[in-house]
Amino acid sequence: MAGENNNLAVRSYQKQFKELLQAVYQKQAYFSEFFGGGIEALDGVTHNKTAFSIKTSDIPVVIGTEYNKDPNVAFGTGTSNSTRFGERTEIIYTDTDVPYDWEWVFHEGIDRHTVNNDFAATIADRSELQAQAKVQMFDNKGGLFISKVADRTLELTDLSNEAVLKLFNDLSNAYVNMEAVGTKMAWVKPELYNAIVDHPITTSAKRSGANVDANNILMFKGFQIKEVPETKFQEGELAYTSITGVGKQFTGINTTRTIPSEDFDGVAFQGAGKAGEFILPANKKAVIKVTMSGE
């Protein structure tokens, strides 16, 4: 358990910290649905630049218009030199390396003369708090990533009922026209969230799933709605919409350890890792951000 290495040179907590990160991420990351509901965490990684590799193919699916029944195609004069299935497309996959984009680190000290707590309990507490702090860092980076990869931007003129309804009608049309498959989700600032909850079409008579008394809503115009603190958005932005699970967020834990300190009677609690985000280029068209005019 944590803190049992008072007389040992080094004790590693990489596996425990990985599990903590993933558990906290699922509970506290606002944009977790965009990244498939969880963070991909690896412990004990080396100092390399590549997080993982994926196989992709930019070749579109080709659907023939009809099966050719001409007697001289594949038969007769066309024997061995033609096919009734039409032209054949060769499928080739490309290996794509996904790099780490940013790093994280922490360095704390636990002095047995001043900590006023059990060493094991202190390491457990600090591990939990560090996991929470790192998840907040991941979430802020995730919001910035969504903003950067958004394929298009829609502008909301004001928070009137008419403007909000037009915005979501336009968003709905956009996803229908791109033939997007999956759950549509909107991450919105509190001001837009309240405008949606208070909107006339979210009445119980229309079975909208809204609860005005509790100030919450599950669905609006086919979108799952999630209220997100305004600090998670970039300046002037009001909402992000996407099909869930189109991106991936990941981290590699280089080290999480306690080590005896020569500067005080106790241990240094240290951790370092790399992280990043990824989305297939083709999936970017399913990401739309909303800005407020005049901001």
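Here are a few things to note about the model shown:
- Residues in region 279-285 carry Karplus couplings, in order, of 9, 5, x, 5, 7, 5, 5 Hz; the curve used is 6.51 cos²θ - 1.76 cosθ + 1.60 with θ = phi - 60°, and Gly or Pro positions show x.
- Per residue, the chain exposes 56 Å² of accessible surface when a 1.4 Å probe is rolled over the protein heavy atoms with every protein chain present.
- When nucleic acids and ligands are ignored and a 1.4 Å probe is applied, ILE259 ends up with an accessible area of around 40 Å².
- Rough spin-label spacing in nm, given labels placed 7 Å along Cα→Cβ, for ARG88 and LYS15: 5.0 nm
- Residues GLN132 and HIS107, FRET efficiency given R0 of 22 Å [Cβ-Cβ distance, rounded to 0.05]: 0.80
- Lysines with Cα under 18 Å of LYS284, excluding same-chain neighbours fewer than 8 positions away: LYS55, LYS141, LYS148, LYS184, LYS248
- Separation in nanometres of the label points that stand 7 Å from Cα toward Cβ, at ILE201 and ARG152: 1.8 nm
- Rounded, prolate or oblate (a/c below 1.5 giving rounded, otherwise prolate when a/b exceeds b/c) for region 19-175 by Cα gyration tensor: oblate
- A dipole drawn for the chain from +1 and -1 charges on Cβ atoms has a positive end, and of VAL115, ALA133, THR157 the residue lying farthest that way is THR157.
- Rounded to the nearest 20 debye, dipole of the chain from Cβ charges on Lys, Arg, Asp, Glu: 840 debye
- With DNA, RNA and ligands ignored, accessible area of SER80 (1.4 Å probe; Å², nearest 10): 120 Å²
- Label-point gap, in nm, between SER293 and ALA120 - each point 7 angstrom along Cα→Cβ: 6.4 nm
- From the alpha carbon centroid of region 8-53 to that of region 240-265 is 5 Å.
- Prolate/oblate/rounded label for region 98-204 (Cα gyration tensor, a/c 1.5): prolate
- Three-way shape label, region 248-295, alpha-carbon gyration tensor, a/c 1.5: oblate
- Simple rule: put +1 on each Lys or Arg Cβ and -1 on each Asp or Glu Cβ in the chain, find the dipole, and look at PHE223, ILE91, ALA74; the Cα lying farthest toward the positive end is ALA74.
- Max mean-square fluctuation residue, GNM over the chain, Cα-Cα springs under 10 Å, options ASN254, ASN81, ASN194: ASN81
- Here the Karplus relation 6.51 cos²θ - 1.76 cosθ + 1.60, evaluated at θ = phi - 60°, turns the backbone of region 68-84 into coupling constants of 6, 9, 4, x, 9, 10, 6, 10, x, 5, x, 4, 6, 10, 7, 9, 7 Hz, with x for every Gly and Pro.
- The order of MET219, MET292 by accessible area, most exposed first and with a 1.4 Å probe, is MET219, MET292.
- Just the protein heavy atoms count here, and of the accessible area of the chain at 1.4 Å, carbon and sulfur take up 49 percent.
- Förster-model FRET efficiency, 45 Å R0, LYS69 and GLU179, C-beta, rounded to 0.05: 0.90
- (i) 36, 22, 18; (ii) 29, 27, 17; (iii) 46, 33, 15, with the label sought being that of the calculated semi-axes √(5λ) of the Cα gyration tensor in Å: (iii)
- Using a probe of 1.4 Å on the protein chains alone, the accessible area found for GLU230 is around 110 Å².
The values are calculated or read from the model by the stated rules, or taken from the named source; none is laboratory data. All values reported here derive from a predicted model rather than from experimental measurement. Note that we place each Cβ from the backbone using ideal geometry, even for glycine, and neighbour counts take in every protein chain shown. Note: areas computed on protein heavy atoms with side chains; ligands, DNA, RNA excluded. Shrake-Rupley method; radii C 1.70, N 1.55, O 1.52, S 1.80 Å.
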